[in-house]
1. Count charges around Ala105 for me, please; just the other residues with Cβ under 9 Å from its Cβ, Lys/Arg as +1, Asp/Glu as -1.
2. What does the accessible area per residue of the stretch 187-326 come to in Å², with a 1.4 Å probe and no ligands, DNA or RNA counted?
3. Quick one: 3J(HN,Hα) in Hz for the stretch 190-197, Karplus 6.51/-1.76/1.60 with θ = phi - 60°, rounded, Gly and Pro as x.
4. Please identify which residues in the stretch 200-224 have an amide N closer than 20 Å to a label point set 7 Å out from the Cα of Met72, following the Cα→Cβ vector.
5. Suppose the Debye formula is applied to equal point scatterers at every Cα of the stretch 251-326; what is log10 I(q)/I(0) at q = 0.12, 0.23, 0.25 Å⁻¹?
6. How long is the gain from Arg117 to His40 if the chain were fully straight, where each residue apart is worth 0.36 nm and the alpha carbon distance is subtracted?
7. Excluding Ile263 itself, calculate the net charge of residues whose Cβ lies under 10 Å from the Cβ of Ile263, where each Lys or Arg counts +1 and each Asp or Glu counts -1.
8. Among the GluC sites (Glu not before Pro) in the stretch 100-145, which ones are in a DSSP loop with at most 13 other Cβ atoms within 10 Å of the Cβ? Mind listing them?
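The values are calculated or read from the model by the stated rules, or taken from the named source; none is laboratory data. Please read all numbers here as calculations on a predicted model, not as lab measurements. Cβ coordinates were reconstructed from backbone atoms using ideal geometry, including for glycine residues, and neighbour counts include every protein chain displayed. Only protein heavy atoms, including side chains, enter the accessible area calculation; ligands, DNA and RNA are left aside. Shrake-Rupley method; radii C 1.70, N 1.55, O 1.52, S 1.80 Å.
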Amino acid sequence: MKSLLSIAILASGLGSAAALADSPLTDAFSDYLGACWANHQDGQPAPEVYCFERLESDFVRIVRQNPGPHGMFYNEEHLFWDAQAERILSAMYTSGGHVIENDGAIENGQATLFAYRESGEMNLRMHWGAVTGDFASFIREQYLGEDYGGWNTEAERVFTRQPATTGEELAAEMSGDAIFGEAIEAFGPLMGACWSASFDDSAAVDTHCFTDLLGRYVRDRHIVPGNPDYSGETVFHYNRELDGLVFRYVNSIGGRSIGSATISNNGIEFGEETYTSPDGEEQTFRGRYYDMSDAGYSSQTEQLVDGEWVVVSEQRFTRAGGPNAE
C-alpha cells in the first residue's frame with residue numbers, strides 16, 4: 001500500500017525478513033533486466049523501445065516507448081509472480097489513461113503474456129524469447145478464431161540491446177508533459193517531493209516520494225533504511241466507475257496488495273485492503289491521509305484483528321527534500 005501499510009507491516013515485524021530469492025518470473029527475464037531493447041521498423045520515425053527493470057523483490061517493470069501514427073505512445077507494465085497460482089499477473093498503465101490487467105505463464109523458462117477481449121476471450125499472446133548476446137526475440141500472436149486458422153503470428157521481431165538509455169531515463173521522458181489527472185490532483189501538495197516520519201518508539205525513518213507516472217498516475221516509492229533496507233512502491237490511478245482511486249502496492253519482501261480509496265475535502269480515505277505476504281498470509285487494513293499541505297501530512301492505519309478495528313499507527317510526515325527516496 002502506501003505509508004499506512006508499510007508502517008504497519010514493519011511494526012508487526014513482517015518487514016524484517018531478507019529479500020526473496022529469484023522467482024520463476026525474474027529468472028525468465030534475467031537476461032533482459034537492467035537494459036533497454038530496441039527494434040526500428042521501416043517507416044517508423046523512431047524505434048520501439050522496451051526497458052526491463054527489477055521492481056522491488058520478485059517483480060518486473062517494463063517501460064515501453066512506441067512510435068505511432070499520432071505521436072509517441074508510452075506505457076508501463078508491472079509484472080508480479082503469483083506463487084500460489086503459479087502464473088504471472090500484469091498491470092499496464094498507458095499514456096492514454098487506460099489501466100489494463102492481464103496475466104501470463106512461464107513455459108520452459110520463458111515468459112508469455114496474454115491479452116483478452118472484453119468478453120474474456122484471449123486474443124493476444126506475446127512471447128519474450130531467449131537472449132543471444134545483444135539480441136532478443138519477440139513473437140506476438142493473434143487469435144483469429146477457429147474458422148480462420150486459430151492463432152496467427154502477427155509480428156516476429158528481433159530487439160537489440162541499447163548501450164545508453166535506461167528505464168529511468170525513459171520513464172522521466174514519459175512523465176515530461178503531465179496531464180494532471182484526478183489521481184495527481186488528489187495528492188496535490190505531496191507531488192514532486194519526499195516526506196519522512198519516524199515510527200512509534202523507534203529511530204527508524206520511513207521516507208516516501210510522490211512523482212507522476214505518464215502524467216496521469218501517481219507513483220509513491222518509499223524506503224526504510226536498514227540491513228537490509230525495506231522498500232516498496234505504490235501506483236495510484238483514478239477509476240471513474242468507482243469515482244475514486246485504485247492502487248497496487250509491492251514491497252521488497254515479496255508482499256503485495258490491491259485497494260481503493262476515496263478523495264475527501266481534507267485528504268484521502270483508504271478502504272479495506274487485503275495485504276498478501278510472500279507465504280500467502282493475509283492481513284486486512286484501512287486508513288487515511290489527512291491535514292495535507294505544503295508542510296506535510298498525517299496518516300492513520302487500522303488493522304482488523306479478531307473482528308475489531310485496532311489503530312496500529314499514527315504518523316506525521318514532513319518534507320524531506322527531492323523526488324528520490326534512495
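1. So the surrounding residues net to -2.
2. 44 Å²
3. Listing the rounded values in order: 7, 5, x, 9, 10, 9, 10, 8 Hz.
4. 211-219
5. -0.43, -1.16, -1.20
6. Difference between extended and current length: 24.9 nm.
7. -4
8. Filter output for the stretch 100-145: Glu118, Glu121.
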